[in-house]
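Data block below; observations after.
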Amino acid sequence: MNLTYAQLLETNNLIQQNTDETYWLCLTRTVQESKLFPVSPYMILSYFMAFYRYPTLLRKIETHMRAEEIGDRVRSRGIKCQNPAMGWGLPNFYLLGRQYLISMGLIRPQDAVDDIIYVLDFWKRFQLAWHRNDAHMTNREFGHRAQILPERRLQIFHADMYDCAEGDPLHTAAQAFMAATSQYGFLVSCESRIALHNQGPYKLDDEREMIVRDFMDLAEGDYPWLDGVAADVPYNNLTVPMAVKGCHFNIIDDWGSFESQPEFKSHHMVGVGLYTSDCLSDTYLPVGMESREELTHTFEMLTQKAKDATGRLWKRIAGWTRDQMIDAGAIVYFSICKDIAHVAGCYDSADWMLIDERAERFRPLLNDEYGNLSLYEILGPLSHPAQRGHDYQLAQHANIPANTYSLIPYSILDDADYTRTCGELKPGITYLEPKQDRYRTTQGVLSLAEYNRRVKAFTPSLCGEKYRYKCESWLKYHHDTPLADEMYRIEQVASRRLKDCGAGLKRADIEKLRD
């Protein structure tokens, strides 16, 4: 690749965007701590893994499917690409690994320049496609909100959800499910928030908003520690659209966290639904949505499944060594973007579930003291010399002459004093038990080879060439055409209230149908 000034300008801009958002997120959110897992050590190990592995793995994925097509395919699915994996995690885990190595004096800002440009370009193209409906690259650009879904899907969530009120059976069951599944997902992801995501808000009327919450990686799938533990969990991904009255969600950020005014409490939830999806589903599939009673029962059943799996997982983790805990946590963080490989039909467990041998060299450093203090220094005070600028600078949010990440020096266009890449993929190791060949999908439990085969043979209906570029702007001016009607009918095929209604309905029409 021949380096150009334009490439470096854009790449440095993308690095700076992530610098500004990372500092804000770290400044305004709680510290990641655990009494069980060595969180800071495993986070740092995951950053090294990201630096060494992401460039090769992303290039491998794009031999099967382009980043922007992956973004189109995941827009209407509650899978891990639909969470902070791509919005924040992919570029920032990579850039944090790079910054650690710069701070240690092991690489320079101009090293692995082809990798840096490629990783950030992949991320940019995915983000722009995934965020196509709100036309932003990140939630930060949208004032910290995310309106990813098209109108046709939002109409179904709106039309089919069941009203509820605090104290009634459905409300009680839904709240118990979300509490139990959040706790289970927290433990699955080694006491991090990677298994949970929120998007929205979407306006239902002058008094109500809707947020969409995704629970991911719940069943036997990619993580070896869920083999057997999650055998009885019937869905790998679950999505809960919630209607909320009496509060406004003023922030849904690039970590999927939210803030509201007033603070969101259980009594604010006045409507709820339940869906599943994955790389083999045409869109979101309703779960237990035929009646209020069925949905209540389904929530209760899934709550018990989550509690039982949580108990089994506690027993498994209780027997782990420190190295096993570090492996599991590092793998969870590093593999936050693993589902892009599933979407492309080229997922390989050895790519995502092992510790790269180059990252493994740093394990002896990763005691709790070094992990906690070094992570704080690189994300908080920004005090390392490699992060400091000249005295006249004031960073965004920080008001200090420092930035989280180092920019690429433009002088390399003159002196060619740089390296291009960190190298090809190296072998990996793990102290964990090997992964069993079982993957829970919407088409049953499959082997990985069969899962990849089916994904490669499958194109979601609305991602086919006939419909792919028929965006919301096109629909605005062509809602009365047969083609628009086809698109809405495809999305509506499993809807309880909107099946075969087609295009042309407005939000007020949906509310009348509900009444």
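Observations on the structure shown:
- Counting residues in segment 380-395 that are in a helix (DSSP H, G or I), in contact (Cβ under 8 Å) with a residue 24 or more places away in the chain and closer than 26 Å to Lys426 by Cα gives zero.
- The selection criterion, being free of Cβ contacts under 8 Å to residues at least 60 places away in the same chain, closer than 19 Å to Asp339 by Cβ and in contact with a Phe, Trp or Tyr (Cβ under 9 Å, 6 or more places away or on another chain), does not hold for Gly221.
- Against the criterion of being assigned to a helix (DSSP H, G or I) and surrounded by fewer than 16 Cβ atoms within 10 Å (Cβ to Cβ), Lys466 does not qualify.
- Take the conditions (1) modelled with pLDDT of 95 or more; (2) among the basic types (Lys, Arg); (3) closer than 30 Å to Ile326 by Cα; Arg208 misses just one of them, which is (3).
- Enumeration of residues in segment 94-111 that are more than 17 Å from Asn13 (Cα to Cα) and surrounded by fewer than 23 Cβ atoms within 10 Å (Cβ to Cβ): Tyr100, Leu101, Ile102, Ser103, Met104, Gly105, Leu106, Ile107, Arg108, Asp111
- Scanning segment 188-234 for residues being buried (at least 22 other Cβ atoms within 10 Å of the Cβ) and assigned to a helix (DSSP H, G or I) gives a total of 3.
- Sole residue being in contact with a strand residue (DSSP E or B) (Cβ under 9 Å, 6 or more places away or on another chain) and either of a type in the set (Gly, Ala, Ser) or in a loop (DSSP other than H, G, I, E, B) (or both), chosen from Ala176, Ala180, Ala243: Ala243
- Selection status of Pro91, within 15 Å of the chain's Cα centre (by Cα) and in a helix (DSSP H, G or I): yes
- Failed item in (1) over 30 Å from Pro460 (Cα atoms); (2) crowded, with 19+ Cβ neighbours inside 10 Å; (3) polar (S, T, N, Q), with Ser34 passing the rest: (2)
- Candidate set: segment 38-59, residues that are of a type outside the set (Ser, Thr, Tyr) and closer than 26 Å to Glu259 by Cβ; chosen: the one nearest to the chain's Cα centre (by Cα): Met43
- Residues in segment 62-88 that are within 17 Å of the chain's Cα centre (by Cα) and among the hydrophobic types (A, V, I, L, M, F, W, C) were compared, and the one that is nearest to Ala330 (Cα to Cα) is Ala85.
Yes/no matrix, rows are residues, columns are (1) in a helix (DSSP H, G or I); (2) at pLDDT 95 or above; (3) crowded, with 17+ Cβ neighbours inside 10 Å:
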residue: Leu483; (1), (2), (3): yes, yes, no
residue: Met487; (1), (2), (3): yes, yes, yes
residue: Ile490; (1), (2), (3): yes, yes, no
residue: Lys499; (1), (2), (3): no, yes, no
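- Test result for Asp278, touching a residue at least 60 places away in the same chain (Cβ under 8 Å), closer than 30 Å to Leu25 by Cα, in a loop (DSSP other than H, G, I, E, B) and out of contact with any Pro (no Cβ under 9 Å at 6 or more places or on another chain): yes
- Residue match in segment 50-60 (condition: touching a strand residue (DSSP E or B) at 6+ places or on another chain (Cβ under 6 Å) and either farther than 29 Å from Glu424 by Cα or among the aromatic types (Phe, Trp, Tyr) (or both)): yes
- Out of Gly311, Gly329, Gly371, Gly288, one residue alone is of a type outside the set (Asp, Glu), within 30 Å of Gln155 (Cα to Cα) and either in contact with a helix residue (DSSP H, G or I) (Cβ under 7 Å, 6 or more places away or on another chain) or part of a helix (DSSP H, G or I) (or both). It is Gly288.
- The conditions of being touching a residue at least 24 places away in the same chain (Cβ under 8 Å) and under 13 Å from Leu274 (Cα atoms) are not met by Ala180.
- The number of residues in segment 427-447 that are crowded, with 17+ Cβ neighbours inside 10 Å, touching a strand residue (DSSP E or B) at 6+ places or on another chain (Cβ under 7 Å) and not aromatic (Phe, Trp, Tyr) comes to 4.
- Taken over segment 380-408, the criterion of being closer than 21 Å to Leu45 by Cα, among the hydrophobic types (A, V, I, L, M, F, W, C) and at pLDDT 90 or above is satisfied by Ala386 alone.
The values are calculated or read from the model by the stated rules, or taken from the named source; none is laboratory data. Keep in mind it's a predicted model, so treat the numbers as computed, not measured. Glycine gets a Cβ as well: all are built from the backbone with ideal geometry, and neighbour counts include every protein chain shown.
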